[in-house]
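Step one of this worksheet: look at the structure below.
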Amino acid sequence: MAELILIVEDEKDLVKTLEYNLQRGGYQTRSALTGQKGLESASQKPVPDLILLDLMLPDISGIEVCRRLKQSEITKGVPVLMLTAKGEEIDRVVGFEVGADDYVVKPFSVRELMLRIKAILRRVHPEDSQDKQLSFGNLNVDPVAHRAWVEERELRLTALEFRLLTTLMSRKGRVQSRDTLLSDVWGIDAEQTTRTVDTHVKRLREKLGSAGKYIETLRGVGYRFTVHSDGDQS
Ligand code: CA
């Protein structure tokens, strides 16, 4: 069954472009031009597999729509990819407060958007990738044996660095806020500040050497494992 993507966006031309490209990419689509319609459509069966949500909507803001989606029993598990033009709101959008799973900044390329959608859906349906070796570019990780290599060189990672690496890798293409990383890697009760995350990412990057560039910094937001391996930059 093709996965269903709900588009909540008030620019009709953009909706058409998205529908066309998503359908060409093998997805089913549904669309809503206002926040209210989007909320209604999101809880109708079949519940969508992913929601593309514009930040600037005429009635209810995308932030509020996202918050309500994440509070509803029906839709709280549906990943939300935010379409935004406003850089300063991004930290709120992907933070705990609003809970979007990722965002793209307008104007975005269709190719970039499709990569993000694929990365999110892969995480939601992990049966294809579970328990296998994680590998990306010249980086190889064996999650069961707790070992990692860059090309032939085995890395000497602490347990915490290993957990940080596999957490980022398994959420490839998705922004991870410092707060999310603190609670998922260090544990909710950890008496650490977000500064700790920066320090450990820096050390992990150094150990990764040439593979360190796969971990991207999103200033003021957090970190993201890239979806572009070498030779896939176009
Ligand atoms: Ca808009």
Per residue, accessible area of the chain with a 1.4 Å probe, heavy atoms of protein chains only, in Å², comes to 51
Projected onto their principal axes, the Cα atoms of the chain stretch, largest extent first, over whole-Å spans of 52, 39, 30
Of every hundred units of 1.4 Å-probe accessible area on region 1-103, the number belonging to carbon and sulfur atoms, as a percent, is 49
Ranked by GNM mean-square fluctuation in the chain (Cα springs under 10 Å), the top entry among Ser61, Ser109, Ser135 is Ser109
Quotient of Cα radius of gyration and Kirkwood radius for region 134-225, i.e. Rg/Rh, equals 0.94
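For n ≥ 4 DSSP H runs only, could you compute -39500 (n - 2.57) per run for the chain, divide by its residues and tell me the 222 nm figure to the nearest 500?
Helices in the chain give a 222 nm mean residue ellipticity of -10500 deg cm²/dmol.
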Restricted to the chain, the DSSP antiparallel beta bridge percent, nearest 5, is 45
For Asp142 the rounded accessible area (nearest 10 Å², probe 1.4 Å, non-protein molecules ignored) is 40
Cα extents of region 4-124 per principal axis, largest first, Å, are 33, 33, 30
Between the Cα axis of helix 110-124 and the main Cα principal axis of the chain, the angle (0 to 90°, nearest 10) is 70
Here the tail fraction of P(r) beyond 19 Å, over all Cα-Cα pairs of region 161-215, rounds in percent to 21
Net charge near Ile215 (other residues with Cβ under 9 Å of its Cβ; Lys, Arg +1; Asp, Glu -1) is +2
For region 41-95 the mean separation of alpha carbon contacts under 8 Å (6+ apart) over residue count, i.e. relative contact order in percent, is 41
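The values are calculated or read from the model by the stated rules, or taken from the named source; none is laboratory data. Bear in mind the structure is a predicted one, so any value in this text is a computation, not a measurement. As a convention, Cβ positions derive from the backbone with ideal geometry for all residues, glycine included, and neighbour counts pool all protein chains shown. Keep in mind that these areas ignore ligands, DNA and RNA; they rest on the heavy atoms of the full protein, side chains included. Shrake-Rupley method; radii C 1.70, N 1.55, O 1.52, S 1.80 Å.
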